[in-house]
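Read through the structure below, which is laid out as structure tokens, and then see the notes.
The values are calculated or read from the model by the stated rules, or taken from the named source; none is laboratory data. Everything numeric in this text was worked out from a predicted model, so none of it was measured. Positions of Cβ are generated from backbone atoms using ideal geometry, with glycine treated the same way; all protein chains shown enter the neighbour counts. Please note that ligands, DNA and RNA were not included when accessible areas were found on the heavy atoms of the full protein model with its side chains. Shrake-Rupley method; radii C 1.70, N 1.55, O 1.52, S 1.80 Å.
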Amino acid sequence: INVGPRVVYTDGSAKKAGATKYAGWAVYDPTGAIADYGPLKGWEQTAARAEVRAIVAPAEADGGPLEIYSDNKYAVNTANEFIKGLDPKVNSRHDLWDRFRLVSHRVARARWIKAHMTPDEARKRGFDEEHRLGNEEADRLAGLGSDAHGYTKGQIHEADRKLGMV
């Protein structure tokens with residue numbers, strides 16, 4: 001029996017090859033129903049954009065209700081304003097926020113969780129181990145999303161070497 005919203009974890013990741021950034025996003029759903037990740041599309045390859053893209057993904061994929069955990073306060077706060085029916089001031093990433101606005105009714109709430117905590121730190125900060133591990137898995141998957149851009153280790157090394165010559 002489902003007694004509340006399904007909990008999912010989202011994250012974004014950005015890596016560099018020389019001066020080139022490439023980003024990915026991820027959703028981790030412990031039930032496996034809507035877990036997904038991928039490379040961020042478009043010219044803005046930033047962790048911030050990837051974080052927003054990650055929050056959009058589960059809302060578009062599921063009928064809800066969902067409780068989304070993210071380690072990005074901006075994404076969480078903006079998502080909650082849309083969920084409450086407010087019209088937050090959005091200065092960038094309009095395309096992604098417009099997509100979220102259309103499906104925000106599927107999300108019960110977004111919650112912030114600190115990233116990269118040890119089990120002891122999480123306990124001291126009041127986070128359950130389940131949530132800490134969910135965030136860690138979303139982080140791992142977001143890294144795979146970045147890697148899905150397809151840069152090889154050799155290409156990254158060569159780009160970094162060339163940048164060092166500049």
Inset, instruction - Enumerate the pairs (first residue in region 1-28 and within 19 Å of residue 135 (Cβ to Cβ); second residue anywhere and assigned to a strand (DSSP E or B) and basic (Lys, Arg)) with beta-carbon separation below 6 Å, excluding pairs fewer than 6 apart on the same chain, so at least 6 apart or on different chains. - result: 14/21
Legend entry - Cβ-Cβ under 8 Å pairs, at least 6 apart or on other chains, region 137-166 side closer than 16 Å to residue 51 by Cα, far side surrounded by 14 or more Cβ atoms within 10 Å (Cβ to Cβ) and of a type in the set (Val, Ile, Thr): 138/10; 138/27; 141/27
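Conditions tested, residue by residue: (1) open to solvent by less than 10 Å² (accessible area, probe 1.4 Å); (2) part of a loop (DSSP other than H, G, I, E, B).
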residue: 77; (1), (2): no, no
residue: 80; (1), (2): no, no
residue: 89; (1), (2): no, yes
residue: 92; (1), (2): no, yes
residue: 100; (1), (2): yes, no
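Being among the hydroxyl-bearing types (Ser, Thr, Tyr) and touching a strand residue (DSSP E or B) at 6+ places or on another chain (Cβ under 6 Å) is the filter; apply it to region 23-45 and report the residue that is surrounded by the most Cβ atoms within 10 Å (Cβ to Cβ).
Taking the candidates together, the pick is 28.
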Inset, instruction - Could you tell me whether residue 70 is touching a Gly at 6+ places or on another chain (Cβ under 6 Å), within 18 Å of residue 134 (Cα to Cα) and touching a residue at least 24 places away in the same chain (Cβ under 8 Å)? - result: no
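Among residues belonging to region 102-129 that are of a type in the set (Lys, Arg) and outside any helix (DSSP H, G or I), point out the one that is farthest from the chain's Cα centre (by Cα).
Per the stated criteria, the residue is 109.
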Legend entry - When residues of region 73-94 are limited to those that are under 16 Å from the mean Cα position of the chain (by Cα) and of a type outside the set (S, T, N, Q), the one farthest from residue 135 (Cα to Cα): 93
Inset, instruction - Could you pull out the residue among 85, 63 that is open to solvent by 20 Å² or more (accessible area, probe 1.4 Å), of a type outside the set (Lys, Arg) and at positive phi? - result: 85
Inset, instruction - May I ask you to list pairs of residues, at least six apart or on different chains, whose Cβ atoms are under 8 Å apart, with the first in region 39-50 being free of Cβ contacts under 8 Å to residues at least 12 places away in the same chain and the second being part of a helix (DSSP H, G or I)? - result: 42/49
